[in-house]
Amino acid sequence: MQQAEPFVRYARLEDACAIAAITVEYASQGIMLERSPDNIVENIRNFFVAEYNGEVIGCCAIAFYTEKLAEIRSLAVFNQYKRQGIGRLLVEKAEAILHEEGVCEVFVLTLSREFFSRLGYIDIRKEYFPQKIWKDCTHCPKLMACDEIAMVKIL
C-alpha cells in the first residue's frame, strides 16, 4: 500500500501536545525555546503542522508585528523526518498565508542560515526588528548571549 505524502495544514487544538513535544525536542538541544501546550492552545490559530500518515511530524508559527511585517517562528521537524522537504513545506505555507494577509516582509531568527538562504532569506541586523526585541527577546534566557541570526525576505 502506498504511503500518503506529507502535507501542511492549520493546526487544531488537538495538535497542541504534539507541537509541544516537537518544541521540547529542539529546546533540549538549545535550538529553540520550549512552547507549553497551554501557550500553543492560546496561539493555535498562528500554527501550522506537517502531517504524515495521520501523525504531526513538524510545525511552525507566524507572529504579526505590523500590517506589513511578520515573523516565522517555532519551525521544527521531528528528527526522523528531517531533510525530506518538510521544513520547506511549512515555510512555504506560512509565507503564502502571510502574503494573502498583505504582509510584505517576513523575518526569522535562526541557527539554520543555510536552510533559510536556500529559501531566499538574507542576513539582516537584529536591531532592524525592535518590535521583536521588545516583545519576545527581553524574556529569553539567551538575551545577553544570543546566537541566532536575523534573516529577512520580501514577499
Would you please name the residue that is modelled with the highest pLDDT, looking only at residues in the range 92-149 that are farther than 26 Å from V49 by Cβ and among the hydrophobic types (A, V, I, L, M, F, W, C)? I122
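Just to be sure, is L75 of a type in the set (A, V, I, L, M, F, W, C), under 14 Å from the mean Cα position of the chain (by Cα), in a strand (DSSP E or B) and modelled with pLDDT under 95?
No.
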Residues being over 21 Å from E101 (Cβ atoms) and surrounded by 19 or more Cβ atoms within 10 Å (Cβ to Cβ): count how many of those fall in the range 1-49. 11
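Could you tell me which of the residues E100, E92 is farther than 20 Å from M151 by Cα, surrounded by fewer than 18 Cβ atoms within 10 Å (Cβ to Cβ) and of a type outside the set (S, T, N, Q)? Spell out how you get there, then give the answer.
Details: E92 fails: farther than 20 Å from M151 by Cα.
After applying the criteria, what remains is E100.
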What single numbered condition from (1) in contact (Cβ under 8 Å) with a residue 60 or more places away in the chain; (2) under 23 Å from Y121 (Cα atoms) fails to hold for P6? (2)
Please name all residue pairs, on different chains or six or more residues apart, with Cβ atoms under 6 Å, provided the first residue is in the range 22-45 and is among the aromatic types (F, W, Y) and the second residue is modelled with pLDDT under 95 and in a loop (DSSP other than H, G, I, E, B). Y26/M32
Give me the pairs: first residue in the range 141-153 and under 10 Å from L111 (Cα atoms), second residue at pLDDT below 70 and charged (D, E, K, R), beta-carbon distance under 8 Å, and six or more apart or on different chains, which are they? E148/K142
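The values are calculated or read from the model by the stated rules, or taken from the named source; none is laboratory data. Please read these numbers as outputs of a predicted model, since none were measured by experiment. Positions of Cβ are generated from backbone atoms using ideal geometry, with glycine treated the same way; all protein chains shown enter the neighbour counts.
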